[in-house]
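Quick note: the coordinates plus some simple rules give every number you see, no bench work behind them. All values reported here derive from a predicted model rather than from experimental measurement. Counting neighbours? That spans all protein chains shown, and the Cβs are built from the backbone with ideal geometry, glycine included.
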Amino acid sequence: MTADMVDTTEGEAAGGRGAAGARRAADGARWAPGDHILWRYRDNADAGRFHICRPMTVVQDTDELLAVWMAPGTACIKPVLADGTPVHREPLSTRYTKPRRTARDHWFGTGVLKLARPGDPWSVWLFWERGWQFKNWYVNLEEPRRRWAGGIDSEDHFLDICVFPDRHWEWRDEDEFAQAQRDGLMTDSQAAEVRSAGRAAIAQISAWRAPYADGWEDWRPDPAWGVPRLPADWDRAPERLRS
């Protein structure tokens, strides 16, 4: 999973379009463009604990697709080692076994557009270089997302796929995927399901189906959108949606 963030101790309170979006979701309605929601991942070692949280702005929310935007400078939550060491700097052999905590950070560089179809065990992220030069799509293999009033929750599955503008693709983070299995964070059967999901994603890439053929690389955020705030209760239990 990509983590382009820098350390900070600053946090912000809830508010803005997020409150209106939560009310709509609680009433069973779709989020509207410009609403603020949370995109969260549970800790792989403790399903009752969230260790990643990213405030996002809704671009589109339909029965077929949820598209959300993470603006540059967005305050986020990420896991770090207990002593504050960034996870990616820890040797792989102990990366998933040393004690961890969460830290408030900011996403730096360009923003990220995330696309997710209901039920898919992955989401597709779009990255740009500065000046809106499109860089690549990134297929993040993950548990199908669960919607709640304030956003969506998932669990990362370690393995990823990078897709480039010339349509070639590459597996990413295979070493982390293997280490997670060695450390007991994923069973053999779960790992097989993740590999199967990856092959299904690759079939869509090879056929150049949505979202790759839909022109999202030419999308741009509404300049009137502000940067969503990170609420103090970012790790609250998800409110159930009405049926």
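If only one of Arg147, Arg54, Arg42 is part of a strand (DSSP E or B), without any contact (Cβ under 8 Å) to a residue 60 or more places away in the chain and of a type in the set (D, E, K, R), which one is it?
Working: Arg147 fails: without any contact (Cβ under 8 Å) to a residue 60 or more places away in the chain; Arg42 fails: without any contact (Cβ under 8 Å) to a residue 60 or more places away in the chain.
Just a single option satisfies the conditions, and that option is Arg54.
Sort through Arg95, Arg117, Arg104, Arg89 and tell me the only one that's closer than 23 Å to Ala45 by Cα, surrounded by fewer than 19 Cβ atoms within 10 Å (Cβ to Cβ), under 17 Å from the mean Cα position of the chain (by Cα) and not aliphatic (A, V, I, L, M).
On the way: Arg95 fails: under 17 Å from the mean Cα position of the chain (by Cα); Arg117 fails: closer than 23 Å to Ala45 by Cα; Arg89 fails: under 17 Å from the mean Cα position of the chain (by Cα).
Checking each option against the conditions leaves just Arg104.
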(message) Looking at segment 115-122, can you tell me whether even one residue there is free of Cβ contacts under 8 Å to residues at least 40 places away in the same chain and more than 24 Å from Trp69 (Cβ to Cβ)?
(response) no
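Within segment 97-107, can one find any residue that is touching a strand residue (DSSP E or B) at 6+ places or on another chain (Cβ under 9 Å) and among the small types (Gly, Ala, Ser)? Lay out the reasoning, then the answer.
First, the residues of segment 97-107 that are touching a strand residue (DSSP E or B) at 6+ places or on another chain (Cβ under 9 Å): 98-107.
Now narrow it down to the ones that are among the small types (Gly, Ala, Ser): 103.
The answer is yes, given that some residue of segment 97-107 is touching a strand residue (DSSP E or B) at 6+ places or on another chain (Cβ under 9 Å) and among the small types (Gly, Ala, Ser).
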(request) Determine if segment 132-154 includes at least one residue that is closer than 18 Å to Val68 by Cα and of a type in the set (Val, Ile, Thr). (result) yes
(request) Among the residues of segment 186-243, write down those that are surrounded by 10 or more Cβ atoms within 10 Å (Cβ to Cβ), among the aliphatic types (A, V, I, L, M) and in a loop (DSSP other than H, G, I, E, B). (result) Met186, Ala210, Ala213, Val227, Leu230, Ala232, Leu241
(request) Examine segment 120-133 for a residue that is under 20 Å from the mean Cα position of the chain (by Cα), surrounded by 20 or more Cβ atoms within 10 Å (Cβ to Cβ) and closer than 26 Å to Pro91 by Cβ, and state whether such a residue exists. (result) no
(request) Taking Trp171 as the residue in question, decide whether it is of a type in the set (Phe, Trp, Tyr) and touching a residue at least 40 places away in the same chain (Cβ under 8 Å). (result) no
(message) What are the pairs with Cβ atoms under 6 angstrom where one residue, in segment 127-140, is on the phi < 0 side of the Ramachandran plot and the other, located anywhere, is polar (S, T, N, Q)? Sequence gap at least six, or different chains.
(response) Phe127/Asn136; Trp128/Thr110; Asn140/Ser123
